[in-house]
Amino acid sequence: MKIQNYINGNFHDPVDQQWLDNYNPSNGTVYGQIPNSSKADVDNAYIAAKSAFPSWSQTTLEERSRILIKISELLESHLQRFAEAESKDNGKPIALAKSIDIPRAASNFRFFGNAITQFASESHESVGQQAINYTLRQPIGVVGCISPWNLPLYLFTWKIAPALATGNCVVAKPSEVTPMTAYLLGEICNEAGLPKGVLNIVHGLGTTTGQAIIEHPDIKAISFTGGTATGAHIARTAAPMFKKLSLELGGKNPNIIFADCDYEDMLNTTVRSSFANQGQICLCGSRIFVEATIYEQFKSDFISKVKQLKVGHPSEAHTDIGALVSKPHLEKVKSYIDIAKSENGDVLCGGEEVKVQGFENGYYLEPTVIEVKDDTCRVNQEEIFGPVVTIMPFADEDDVLQMANRVKYGLSATLWTNDLKRTMRMSHQLQAGIVWVNTWMMRDLRTPFGGVKASGVGREGGFEALRFFTEAKNVCIKY
Ligand code: NAD
């Protein structure tokens, strides 16, 4: 199957007729071609977006809101089709795509469709000077949205929905590894009545298509989710043009378990926070620290639960762990298991590729738990982004706080304890954009989302996203 770019409401081949193979990770076969779009395609997308901007930015909030909510409803009505496409493209279990990815993409449109009608700005009276100041929130113009492969439609729409809600027009690029649901979204947008050119979707490699977006002098803001190295490259490229940037990058998140926690809840959630989506979620708790007094008990209970996880074909209802997204990614993740062994890490379970019957060329890996002796070893410091977690004991609060913060990343942290004072102390000191206490990945779309340190710059979510996609202008009127 060949997919095309979505520009000005129509589907187009890439100008240079350059194509990339699209792989099905569950069986390792090529099942389609996608454009490897060039600068010419990005220019065409920009021109369409620029011409749509005057009208879209002047469209009433109610009308923009209505269209976004219509997109949400259409996504919900095509749930099965989108979930199947996502699972096939990415390797994630169909049940996950159906229960999380696609519903969440739909709620992104619904949420920002509603939020824009509540987005107020402030005013200040300059008492004594007889003046009133108010803040205008104006759309930026044409903005670029670039997203990764792990939660393809969910993260693509997390950017596009607030960009459109605030009256911007968009040039967007999904990951070249998982382009399918972004392609299908174009059809839905037409059906929902989104005016031509308001959203344009170009497919291709980061180094060609993505690079053309970030280098485009008139695409004034870039919202990017992906790896830290790519984020640094985007920041360097964009800086001389003073583009506005939101960078949501990698993570190496601590999962900190105290003896006083609700043990069963912690155990079940920790299995999920370690291995959901094959461990390919930036928020996965990939470094597990356990209070020494319950360490041996936890180790044995955790390993026994992990061994019960079923690695299998993504379309099977009972699959817990599907395929990793690509062959190169599988090789990267496996290489960390070798690194762990060379660093005296102890592979407590997993570590081997799985040959799923009938799909022997798929990219499957056992969920893997590595006991490490020293928190500064590479497997504990570098983002692996697969079904691999490390575990080690800690002595006390100070000890674990030091280890938790001793990484270059700072995306999220999870804390398991019933001690309120400790909860407060630790949540305030953990270097992370999000701290979950006695839960994991519970998301309320109104809350700020983002990381500190090498995990990113800026915040998405709620009004933070609407602020990012607008320029604040102060108007001062003397009366
Ligand atoms: P990646 O950085 O390789 O690619 C992300 C996107 O950027 C893709 O669309 C890619 O084509 C594009 N890209 C690559 N080079 C580019 C360039 N030079 N110019 C413009 N665009 C370019 O990341 P990935 O492998 O797709 O995703 C995995 C990474 O994403 C992990 O590090 C993960 O932690 C991170 N991630 C972060 C969050 C978050 O919210 N912080 C969420 C999900 C994933």
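Miscellaneous remarks
- Of the residues making up region 230-252, those that are open to solvent by less than 20 Å² (accessible area, probe 1.4 Å) and either part of a helix (DSSP H, G or I) or in contact with a Leu (Cβ under 7 Å, 6 or more places away or on another chain) (or both) number 4.
- Residue that is over 19 Å from Phe11 (Cα atoms) and either out of contact with any His (no Cβ under 7 Å at 6 or more places or on another chain) or near the ligand (Cβ under 7 Å from one of its atoms) (or both), where the choices are Ala182, Ala229, Ala172: Ala229
- Test: residue in region 310-333 that is free of Cβ contacts under 8 Å to residues at least 40 places away in the same chain and small (Gly, Ala, Ser): no
- So Glu316, is it within 16 Å of the ligand (Cβ to nearest atom), open to solvent by 60 Å² or more (accessible area, probe 1.4 Å), not assigned by TED's automatic domain parsing to the domain that holds Glu471 and not hydroxyl-bearing (Ser, Thr, Tyr): no
- Residues that are at positive phi and either within 20 Å of the chain's Cα centre (by Cα) or within 16 Å of the ligand (Cβ to nearest atom) (or both), drawn from region 186-216: Gly204
- Any hit, region 431-443, residues being open to solvent by 20 Å² or more (accessible area, probe 1.4 Å) and more than 20 Å from the chain's Cα centre (by Cα): yes
- Residues being assigned to a loop (DSSP other than H, G, I, E, B) and crowded, with 21+ Cβ neighbours inside 10 Å - total across region 373-400: 5
- Conditions (1) under 15 Å from the mean Cα position of the chain (by Cα); (2) touching a residue at least 40 places away in the same chain (Cβ under 8 Å): number failed by Pro448: (2)
- Subset tally (residues that are more than 12 Å from the ligand (Cβ to nearest atom) and under 20 Å from Val435 (Cβ atoms)) for region 235-265: 10
- Restricting attention to region 449-479 and to residues that are open to solvent by less than 20 Å² (accessible area, probe 1.4 Å) and in a loop (DSSP other than H, G, I, E, B), the residue that is farthest from Arg104 (Cα to Cα) turns out to be Ser455.
- Of all residues in region 337-371, those that are more than 20 Å from Phe275 (Cβ to Cβ), over 28 Å from the mean Cα position of the chain (by Cα) and either in a strand (DSSP E or B) or in contact (Cβ under 8 Å) with a residue 24 or more places away in the chain (or both) total 4.
- Residue that is on the phi < 0 side of the Ramachandran plot, at pLDDT 95 or above and assigned to a helix (DSSP H, G or I), where the choices are Val325, Val290, Val306: Val306
- Looking across region 217-226 at every residue that is assigned to a loop (DSSP other than H, G, I, E, B) and within 12 Å of the ligand (Cβ to nearest atom), the one that is most open to solvent (accessible area, probe 1.4 Å) is identified as Gly226.
- Arg446 being surrounded by fewer than 17 Cβ atoms within 10 Å (Cβ to Cβ) and over 20 Å from Pro254 (Cβ atoms): yes
- You will find that of Met403, Met426, Met441, the residue that is touching a Leu at 6+ places or on another chain (Cβ under 6 Å) and part of a helix (DSSP H, G or I) is Met426 and no other.
The values are calculated or read from the model by the stated rules, or taken from the named source; none is laboratory data. Values in this document were obtained by computation on a predicted structure and should not be read as measured data. Every residue, glycine as well, gets a Cβ built from its backbone with ideal geometry; the counts of neighbours run over all protein chains shown. SASA here: full protein model, heavy atoms, side chains in, ligands and nucleic acids out. Shrake-Rupley method; radii C 1.70, N 1.55, O 1.52, S 1.80 Å.
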